[in-house]
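What follows is a short report on a single structure.
No value in this document is a laboratory result; all are computed from the given coordinates. Being a predicted model, the structure only gives us computed values, none of them experimental. Here the Cβ is made from the backbone with ideal geometry for all residues, glycine too, and neighbour counts use every protein chain on show.
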Amino acid sequence: MDTSTDASTAGNTDARPVLEGPDIARVLTRIAHEIVERAKGAEDVVLLGIPTRGVFLARRLAEKLEEITGRKIPVGSLDITMYRDDLRMKPARALGRTEIPADGLDGRLVVLVDDVLFSGRTIRAALDALGDLGRPRAVQLAVLVDRGHRELPIRADYVGKNLPTSLRETVKVQLAEEDGRDTVLLGSKQQTTGA
Amino acid sequence: MSKILIRGAKVLGGEPQDVLIDGETIEAVGTGLIAEGAQVIEADGKVLLPGLVDLHTHLREPGREDSETVLTGTQAAASGGYTAVFAMANTFPVADTAGVVEQVWRLGKESGYCDVQPIGAVTVGLEGKQLAELGAMHDSAAQVTVFSDDGKCVDDAVIMRRALEYVKAFGGVVAQHAQEPRLTEGAQMNEGIVSAELGLGGWPAVAEESVIARDVLLAEHVGSRVHICHLSTAGSVEIIRWAKSRGIDVTAEVTPHHLLLTDELVRSYNPVYKVNPPLRTEADVLALREALADGTIDIVATDHAPHPHEDKDCEWAAAAMGMVGLETALSVVQQTMVETGLLDWSGVAERMSYKPARIGSLTGHGRPVSAGEPANLTLVDTAYRGEVDPAGFASRSRNTPYEGRELPGRVTHTWLRGRATVVDGKLA
Amino acid sequence: MKRHLISAADLTRDDAVLVLDTAEEMARVADRPIKKLPTLRGRTIVNLFFEDSTRTRISFEAAAKRLSADVINFSAKGSSVSKGESLKDTALTLEAMGADAVVIRHPASGAPYRLANSGWIDSTVVNAGDGTHEHPTQALLDAFTLRRRLVGRDAGMGKGLDGRRVTIVGDVLHSRVARSNVLLLHTLGAEVTLVAPPTLVPVGVESWPCEVSYDLDAVLPKSDAVMMLRVQRERMNAAFFPTEREYSRRYGLNGHRMAKMPGEAIVMHPGPMVRGMEITAEVADSDRCTAVEQVANGVSARMAVLYLLLGGSEPAISTTRTEENN
């Protein structure tokens with residue numbers, strides 16, 4: 001899939017886990033409760049995951065919200081590739097899936113879900129994409145890890161773990177649906193991006 | 001005129017000999033020749049051939065001087081080792097009258113680089129309808145003996161029959177461009193696997209072969225001789241072979257490009273490979289080489305067809321047909337016939353000098369390299385290897401299919417009746 | 001992917017699947033309230049049409065505009081081209097205007113190839129149909145339509161057309177659509193059969209990766225899809241077939257023939273249809289006929305092509321999917 005996965009499975013001693021499976025589950029449960037609390041019962045919440053791993057996180061969050069509220073929570077995906085501001089810096093990228101729940105986004109509270117919040121550019125692109133898809137009542141952001149180094153005035157409403165990092169470090173989220181296990185790895189750039 | 005001593009030349013590829021030229025004539029051929037005051041050319045093992053004769057050249061003048069003139073065309077010919085060329089009739093105006101053929105003939109005389117023998121059109125305006133004044137062209141100063149509508153086929157069987165018959169009166173010959181016009185409407189390349197893929201209009205082999213078959217039978221019927229231009233298919237070879245076995249008086253030519261190139265090159269859609277008849281398949285190329293070796297095909301003729309850059313720097317369908325060839329012909333023949341062991345150098349002399357002169361009834365050319373003969377000679381450095389660079393061409397046009405291709409051999413000297421036209425590879 | 005799209009043969013299987021997958025995502029844009037993406041903002045795409053083809057031109061135009069590219073339409077009619085300006089000079093002019101891509105339709109086979117490979121211009125070149133050579137985006141939209149219908153919208157993602165039997169009927173000789181489809185559908189694993197009178201099959205077809213039959217009725221029961229090609233009436237005058245009536249009788253698709261096709265099999269037509277000639281109204285208007293769907297799919301497929309060629313610093317790399325966290 002990508003280099004960090006290879007590095008970690010190859011036993012890269014430099015990449016160390018900062019969150020393990022049970023931590024991730026606990027963190028998502030907490031975020032679900034926070035959403036219910038802040039959204040006053042989460043009646044009009046729509047979860048939109050940003051591919052790839054944000055989508056899995058959104059689905060897990062939706063399950064937890066359904067457990068708490070006893071109601072079905074609409075969940076979808078929002079691919080931001082075609083809204084990126086760095087398209088011309090790399091070869092054209094394959095697209096992810098955008099799947100908007102049947103009832104749409106108008107008047108809803110959209111919670112964007114992503115794995116790592118870094119520069120904020122992904123979220124900027126996501127906000128642009130949202131604008132073409134409907135008019136939510138409000139938009140909030142939930143992330144598993146906030147690693148700092150924002151380049152835009154963007155902050156998360158729900159954070160699983162604040163993880164102060166240096167720019168030389170890499171943060172990789174692995175989820176069972178895609179990678180076979182749940183973990184968040186902190187590594188160093190030289191080791192993990194060299195391949 | 002002073003004497004020239006060519007020392008150590010492999011005459012027709014044989015053992016090194018000396019050749020002494022005195023004025024316009026070869027004075028002696030032998031070993032250890034000494035000539036007081038003679039200019040000495042150290043041939044150093046190069047091959048000495050009789051001056052080449054091209055039965056099929058397009059000099060473009062009058063009318064298309066932007067692509068070639070008689071002067072630049074004959075300079076190109078000299079550079080390629082030729083001492084005589086037959087100039088095709090499809091000029092503007094068409095060489096279908098005594099006036100036009102005399103003009104071309106006179107321009108050739110003035111150029112001084114090689115002899116120019118005009119070919120007259122068979123029909124008025126190459127239109128295939130009415131015979132041109134063949135007798136008048138023969139009786140003119142140009143003394144035309146070869147007639148051709150080349151570029152177009154004399155497709156009307158009756159006109160062809162009459163032309164074949166008529167020129168017997170003065171020993172003329174009709175050179176047919178064999179192309180059935182209806183079968184080649186919109187034709188862009190050889191019809192086959194490649195044309196099917198490229199979606200280019202097909203020029204089927206049968207369009208050539210059916211006309212050749214008709215014409216050899218016509219020649220037999222009326223007891224005339226006929227010459228077939230630029231054979232391009234294995235089937236054409238079979239028909240000529242059959243005709244010769246029946247005793248039909250037919251001769252045939254092949255171009256250097258049909259001995260080397262195939263229609264696979266058209267995949268580039270580069271119009272430099274667009275030519276008529278089109279490049280054919282590998283099997284055709286091999287059949288043509290074999291036929292040239294065994295004498296079924298009599299001669300190599302260049303079909304030197306200059307075109308200005310803009311007529312080739314465009315999409316395939318819009319491009320002109322034809323390739324320049326005078327300056328690369330001998331190299332291509334060396335590569336395809338000599339270095340493959342199919343021909344020796346005396347075989348090359350037969351097919352590129354003696355026989356074309358005989359077919360065209362040209363005296364003074366295509367003569368043996370021996371004492372008393374006219375000093376029309378060409379000296380070839382057969383060991384040379386180099387990439388073709390059209391920028392160095394003497395021709396006004398650059399539409400060669402060999403650009404950047406390595407070909408063997410290089411003409412270092414050409415003498416026209418004892419006068420050097422090319423010295424050390426450069427025009428004199 | 002290669003930098004230009006000249007022939008369906010330019011596409012590997014991975015490339016082709018990537019285009020179809022991307023087209024599937026692009027198709028969703030058509031269902032949104034705002035049918036526009038900012039992706040190619042600031043890019044200039046020239047539609048260079050030397051031949052009348054309103055359908056293809058507006059399809060490319062819609063695709064480019066949905067991706068926010070600037071579109072310049074250059075049609076040969078009434079332009080300097082008809083005054084003898086060469087393809088080369090026209091191309092140089094367009095490049096000087098800053099074209100990032102040239103979408104070219106030309107009556108001469110190979111003109112797009114020349115444009116891409118002669119060093120005249122640096123732009124990306126997309127072949128929108130050249131002479132009787134190829135029409136690769138038509139083949140892509142046809143493959144897209146086939147995959148949606150025969151494999152499924154979601155089930156088809158990441159997949160080809162393996163084992164699907166596609167029959168192409170009509171004037172194969174003069175058809176750029178047939179050439180591109182044979183190549184692309186073969187690349188995607190489909191089994192292609194060409195059906196036409198022998199006069200309309202090119203000499204040399206034996207090297208194509210397909211079967212050839214002269215008997216439509218024998219092939220129909222073994223077809224998952226039948227693609228009808230337009231047959232121009234003027235071909236009759238060049239003796240390719242005796243009469244329109246005889247052509248229709250032997251190679252036209254009518255209701256009776258359609259009934260011989262398997263239950264789920266579809267009828268395709270690249271348009272414009274000559275009703276009564278190669279296809280009867282009954283077939284053209286049936287649910288099985290995808291002609292209208294193909295038009296919509298054309299925009300999606302062309303969006304995919306333009307995005308994958310122009311949406312990055314270089315064309316998409318189809319073998320690896322890149323992913324970043326930032």
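Projecting label points 7 angstrom from Cα along Cα→Cβ for B:Glu264 and A:His33 puts them 7.4 nm apart. Legend: calculated FRET efficiency, A:Arg168 to A:Ala138, from the Cβ-Cβ distance at R0 = 45 Å, rounded to 0.05, equals 0.80. On the principal axes of its alpha-carbon atoms, region C:6-136 has extents of 45, 31, 25 Å, going from largest to smallest. The mean sequence separation of alpha-carbon pairs under 8 Å and at least six residues apart, normalised by the residue count of region C:1-99, gives a relative contact order of 25 percent. In summary, the convex hull built on the alpha carbon positions of chain A has an orientation-averaged projected area of 10.8 nm². Here the Kirkwood formula, the inverse mean of 1/r across different C-alpha pairs, assigns chain B a hydrodynamic radius of 21.4 Å. Under the simplified labelling scheme, the C:Ser86-C:Asp31 pair shows an inter-label distance of 5.1 nm, with each label point 7 Å from Cα along Cα→Cβ.
Sequence-ordered 3J(HN,Hα) estimates for region C:91-96 from the Karplus curve with 6.51, -1.76 and 1.60 and θ = phi - 60° stand at 4, 4, 4, 5, 5, 5 Hz, glycine and proline given as x. For region A:100-180, which GluC sites (Glu not before Pro) are both in a DSSP coil and crowded by at most 12 other Cβ atoms within 10 Å? Those satisfying the criteria are A:Glu151.
Among the helices of chain A (complete DSSP H runs), which have Cα atoms covering no less than 27 Å along the helix axis and a Kyte-Doolittle mean of at least 0.5?
none
Binning the alpha carbon pair distances of region B:1-58 at 10 angstrom intervals from zero yields the distribution 24, 49, 19, 7, 0, expressed in whole percent. Between the amide H of C:Val212 and those of C:Leu194, distances stay under 5 Å, these residues lying 5 or more places away or on another chain, with hydrogens modeled in the peptide plane. Straightening the chain between A:Glu178 and A:Asp44 buys 45.4 nm, computed as 0.36 nm per residue apart minus the Cα-Cα spacing. Its DSSP H runs of at least 4 residues, each contributing -39,500 (n - 2.57), put the calculated 222 nm mean residue ellipticity of chain C at -10500 deg cm²/dmol, to the nearest 500. Under a 5 Å amide H to amide H cut-off, with H placed in plane at 1.01 Å, what residues pair with B:Arg419 once short-range neighbours are removed? Counting only residues 5 or more places away or on other chains, the set is empty.
Using a cut-off of 26 Å between Cα atoms, the listed pairs B:Lys129/B:Lys244; A:Lys72/A:Lys172; A:Lys64/A:Lys172; B:Lys426/C:Lys88; A:Lys172/C:Lys36; B:Lys274/C:Lys88 include B:Lys129/B:Lys244; A:Lys72/A:Lys172; B:Lys426/C:Lys88; A:Lys172/C:Lys36 as exceeding that distance. State, to one decimal in nm, how far the label point of B:Ser2 lies from the label point of B:Ala293, with both points 7 Å from Cα in the Cβ direction. About 4.5 nm, to one decimal. Residues whose amide H falls under 5 Å from that of B:Lys46, counting only those 5 or more places apart or on a different chain, are B:Lys10, with hydrogens built in the peptide plane. Beta bridges from DSSP with both residues in chain B: antiparallel share about 50 percent, rounded to the nearest 5. Here the calculated FRET efficiency for C:Arg233 and B:Glu127, from their Cβ-Cβ distance with R0 = 25 Å, stands at 0.20, rounded to the nearest 0.05.
With the cut-off at under 17 Å, measuring from each backbone N in region B:133-156 to a point 7 Å along the Cα-to-Cβ line of B:Glu185 picks out B:153, B:155-156. Mean sequence separation of contacting Cα pairs (under 8 Å, at least six apart), scaled by the length of chain B, corresponds to a relative contact order of 19 percent. Taken as Cα centroids, region C:134-191 and region C:287-305 sit 12 Å apart, rounded to the nearest whole angstrom. Computing FRET efficiency as 1/(1 + (r/R0)^6) for B:His309 and B:Asp424, where r is the C-beta to C-beta distance and R0 is 22 Å, gives about 0.15. Rounded to the nearest 500 deg cm²/dmol, what is the calculated helix-only ellipticity per residue at 222 nm for chain B, with -39500 (n - 2.57) per DSSP H run of length n ≥ 4? It lands at -7000 deg cm²/dmol. The loop-placed GluC sites (Glu not before Pro) in region C:12-106, going by DSSP, that have at most 15 neighbouring Cβ atoms within 10 Å of their Cβ come out as C:Glu85. Across chain A, C-alpha contacts under 8 Å between residues 6 or more apart give a mean separation that, scaled by the residue count, equals a relative contact order of 25 percent. Putting +1 on Lys and Arg Cβ atoms and -1 on Asp and Glu Cβ atoms, find which of A:Val45, A:Val55, A:Ala32 reaches farthest to the positive end of the dipole of region A:28-86. Of the candidates, A:Ala32 comes out farthest on the positive side.
Ordering C:Val46, B:Gly135, B:Thr328 by the projection of their Cα atoms onto the charge dipole of the protein assembly as shown, which places +1 on the Cβ of Lys and Arg and -1 on the Cβ of Asp and Glu, puts C:Val46 at the extreme positive end.
Positive end of the dipole of chain B (Cβ unit charges, origin at the Cα centre): among B:Pro118, B:Ala243, B:Val19, the Cα lying farthest that way belongs to B:Val19. Relative to the longest principal axis of the Cα atoms of chain C, helix C:176-187 runs at roughly 90 degrees. A simple charge model with +1 on the Cβ of Lys and Arg, -1 on the Cβ of Asp and Glu and nothing else charged puts the dipole of chain C at about 540 debye relative to its Cα centre.
Counted over the protein assembly as shown, the DSSP beta bridges are approximately 35% antiparallel. Rg and Dmax of region B:270-380, based on Cα coordinates, read 16.4, 53 Å. In chain A, the calculated helix contribution to ellipticity at 222 nm averages -9500 deg cm²/dmol per residue, counting -39,500 (n - 2.57) for every DSSP H run with n ≥ 4. Charge dipole of region C:136-291 (Cα centre as origin; +1 on each Lys and Arg Cβ, -1 on each Asp and Glu Cβ, all else neutral): 200 debye, rounded to the nearest 20. Relative intensity of region C:169-326 on a log10 scale, I(q)/I(0) at q = 0.20 Å⁻¹, equals -1.35, per a Debye sum over C-alpha point scatterers of equal strength in the absence of solvent. Shown in residue order for region C:58-67 are the 3J(HN,Hα) couplings computed by the Karplus curve 6.51 cos²θ - 1.76 cosθ + 1.60 at θ = phi - 60°: 6, 5, 5, 5, 4, 4, 5, 5, 5, 9 Hz (x for Gly and Pro). Derived from the Cα gyration tensor, the three semi-axes of the equivalent ellipsoid of the protein assembly as shown are 71, 34, 22 Å, largest first. Net charge dipole, the protein assembly as shown: roughly 2800 debye, given to the nearest 20, about the Cα centre with Cβ charges of +1 for Lys and Arg and -1 for Asp and Glu.
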